[in-house]
Structures are given as C-alpha cells and as structure tokens.
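Data block below; observations after.
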Amino acid sequence: MTERVEEKLDLGSFDEKFYAIVGRGDENLKYFSQVFDVKISARGTEILIRGEEDRVRLVYEFLKDIIRELRNNILTSQEVRERAKNYLQHKTLAEGLREEVILITHRKKAIVPKTHTQSIYVDAIRNNDIVFGIGPAGTGKTYLAMAMALSHMKANKVNKIILTRPAVEAGEKLGFLPGGIAEKVDPYLRPLYDALYDMVDYDKAGYMLERNVIEIAPLAFMRGRTLNDAFIILDEAQNSTKEQMKMFLTRIGFGSKVVITGDITQIDLPRREQSGLVEAIKVLQGVEGISFVWFKEEDVVRHPIVARIIKAYEEFESSREEQGLGKEREGKAESKLAKEYTEQAP
C-alpha cells in the first residue's frame with residue numbers, strides 16, 4: 001500500500017496569483033482534490049496536500065509549475081483548472097499508464113484513452129458484453145466505442161459492425177419526409193458517419209458500407225432481428241423509448257458486444273414518453289456482464305470552452321431546481337397557514 005504523506009506549499013500573500021490557484025470559494029482546490037485524488041485545503045496563504053505519496057508529489061509539482069508560470073503570465077482560475085487537467089493527462093500518458101493504443105487511423109493517428117474515465121470505459125468494453133457510457137457531449141463515448149468496434153473487427157473478433165441511433169426528431173413519421181428511406185434518416189445518422197470517416201479511409205469505409213460489413217441504421221430498424229457476432233453501438237440512447245430499449249437489448253445474439261451511449265440531461269422525447277436509457281439504468285444495475293461508466297465535465301476532450309459551457313448549464317439547471325424547491329416549500333407553507341386560518345375562523 002502506498003504511504004500517505006502531507007506536503008505544504010506557501011503562496012506568500014493574498015494576491016492575484018493566490019486567487020488564480022485557489023479559486024473563488026476554494027473551487028480550484030476542490031477540483032484538484034477530485035482530479036488528483038488527494039485532500040487539499042488552504043490555511044492562510046499555505047496550501048496543505050494530503051494523500052498517497054505519488055499523488056501528493058504530482059499535485060505539488062503541478063502547483064510549483066503554475067507558480068512559476070504566474071510570475072510571467074496572468075491566468076484565470078478557470079485556466080489554472082485547464083492546466084491541471086492537461087498536466088495530469090500528459091503525466092499519466094508519459095508514465096505509460098494509458099499507452100495502449102486502441103486503433104491507428106488511416107491518417108496514422110493513434111487513438112488512446114485521454115482521461116481516467118476513458119480508460120475505465122475502454123476496459124469495461126473489453127471485459128463486458130454490454131457497456132453503458134453515460135455523460136455529457138464531448139467525452140469520447142461514441143468515438144472510443146467506434147474505435148473499439150473497428151479494433152475488434154481488425155482482430156476478427158466480430159464479423160459486422162452495427163451503428164444505430166433513434167431518429168427521434170422525425171418521430172415515427174418518416175414517411176412524411178421527402179426522398180427514399182436513406183435520405184429520410186441520413187441526417188440523424190450523420191454523426192456516426194463522421195466518426196467512421198475520421199478513422200477509416202473514405203473509399204474503404206464506402207466499400208465496407210456497400211458490402212454491409214458496417215451497417216448504419218435507425219433504431220426502429222433493429223426490430224425482429226437477432227444480431228450475432230457483431231459489435232453494436234447504440235448512440236443517443238437517451239432518446240430511445242422504454243419499448244425500443246427493451247427491443248434493442250433483446251436483439252443481442254451470441255458472440256456480440258454492445259455499447260450504449262447517451263446523456264440523460266439531453267432527452268428530446270415528448271414529455272409523456274419515458275427514456276429507455278433512464279429505465280435501463282434502474283433495471284440493469286448489478287446484472288452480470290453489464291457495466292455502467294459515468295463521464296463528467298472533466299472528461300470533455302473537445303475545445304476547452306465546451307467544458308465551460310457544460311458546467312455553466314449544469315449550474316443553471318441546479319439553481320433552477322433549487323428555486324423550484326424553494327417555491328414549492330413556500331406554496332406548502334402558504335397552504336398550511338391558509339388551512340390553519342380556515343380552521344380557526346368562526
């Protein structure tokens with residue numbers, strides 16, 4: 001077991017550098033605690049770091065680097081958090097903790113997990129029949145699933161890749177849209193094509209699609225099929241209905257692997273419809289062979305502003321829920337007072 005230690009680092013004074021590192025209301029210290037897996041607090045101008053020796057040393061070195069950078073540059077507390085995220089990713093990659101390459105693309109780009117949660121996700125896909133990847137956009141849920149699917153096919157572990165997602169914006173009324181069935185559903189499946197073409201040469205991908213080695217289809221088209229020896233990805237699963245999710249899960253045949261991705265904060269179903277993904281989370285927890293991996297804003301690997309946008313929306317939704325609860329309590333209190341007044345009235 002790794003020895004637990006404590007390190008101290010004095011920032012000197014309560015200046016702009018101090019608040020850039022500590023953050024408003026110690027928000028940066030809380031963030032560092034989470035991503036570095038240590039306990040970190042401020043006592044005056046002194047930062048106290050407690051935890052496993054290697055983790056504490058990592059945070060200490062990061063803070064020393066930031067202090068040096070702040071001597072020459074002005075950084076916001078948000079930019080310091082971004083530095084922490086990038087520092088941890090680069091350090092762990094350099095130490096070989098996530099060196100395993102999932103796939104080399106046609107552009108000679110190595111696809112590897114970039115965050116701790118992504119590593120857990122990839123391991124879960126390797127070791128389970130069904131994996132749910134749940135979390136915000138930009139965390140690599142679908143992209144990594146696609147890379148794992150192509151890797152499995154390259155290793156002859158599966159004979160077919162099936163990519164599917166609900167065409168929820170079109171509802172079940174695809175017949176009202178112009179064109180043949182391909183033209184009707186293509187806009188809803190375009191993100192899956194984009195991920196495929198980023199990894200496989202356009203001509204080769206076209207050949208695989210033409211030969212039906214890779215199939216991209218709406219979720220509704222899975223009905224009545226049994227899918228053997230296939231790697232199946234259900235994307236945007238939060239927009240599947242309860243019936244569609246159960247139908248999909250019962251299509252899985254021998255030798256198949258399934259990855260289901262979604263964001264339960266972005267459900268586009270009509271209000272009366274319950275998300276199949278939400279129900280599956282409740283029903284399938286603890287079932288052998290099924291794994292759930294939860295992504296957070298810290299796992300966003302797109303442009304840094306995407307992480308800030310996601311956080312802003314989460315804070316907005318949280319404050320709105322709190323306001324709603326406050327109004328509900330006020331309403332109940334008013335009703336109670338009115339009832340008491342009525343009972344006391346002559």
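The values are calculated or read from the model by the stated rules, or taken from the named source; none is laboratory data. These numbers were taken from a predicted model, which means no experiment stands behind them. Cβ: placed from backbone, ideal geometry, glycine included. Neighbour counts: every protein chain shown. Keep in mind that these areas ignore ligands, DNA and RNA; they rest on the heavy atoms of the full protein, side chains included. Shrake-Rupley method; radii C 1.70, N 1.55, O 1.52, S 1.80 Å.
Entry comment: accessible area of the range 1-77 is 60 Å² per residue, from protein heavy atoms only and a probe of 1.4 Å. Take 23-30, 243-250 and order them by the average number of nearby Cβ atoms within 10 Å per residue, most first; the result is 243-250, 23-30. Dimensions of the range 1-155 along the principal axes, based on C-alpha atoms and rounded to the nearest Å, stand at 58, 37, 26, largest first.
What is the range 41-130 by shape, rounded, prolate or oblate, if you read a ≥ b ≥ c off the alpha carbon gyration tensor as root eigenvalues and call it rounded for a/c under 1.5, prolate for a/b larger than b/c, and oblate otherwise? Prolate, since a/c reaches 1.5 and a/b exceeds b/c. The length gained on full extension between Glu52 and Arg71, counted as 0.36 nm times the residue separation minus their Cα-Cα distance, comes to 3.9 nm.
The alpha carbons of the range 199-312 stretch over 45, 36, 30 Å along the principal axes, in descending order. Just the protein heavy atoms count here, and of the accessible area of the range 1-134 at 1.4 Å, carbon and sulfur take up 46 percent.
Please give the FRET efficiency for Asp201 paired with Gln34, using the beta carbon to beta carbon distance and R0 = 56 Å, rounded to the nearest 0.05. Efficiency at R0 = 56 Å is approximately 0.90.
A full extension of the chain between Thr265 and Ser319 corresponds to an added length of 17.9 nm, given 0.36 nm per residue minus the alpha carbon distance. Only Lys, Arg, Asp and Glu carry charge here, each on its Cβ (+1 for the first two, -1 for the last two); on that basis the range 23-172 has a dipole of about 380 debye about its Cα centre.
Report D for the range 1-87 in µm² per second (integer): Stokes-Einstein, Kirkwood Rh on Cα pairs, 4 °C, 1.567 mPa s. Using the Kirkwood radius from Cα pairs, D works out to 101 µm²/s.
The heavy atoms of Glu82 present about 30 square angstrom of accessible area, all protein chains included, probe 1.4 Å. Compared with the direct C-alpha span, the chain from Val283 to Leu9 gains 93.9 nm at full extension, assuming 0.36 nm per residue.
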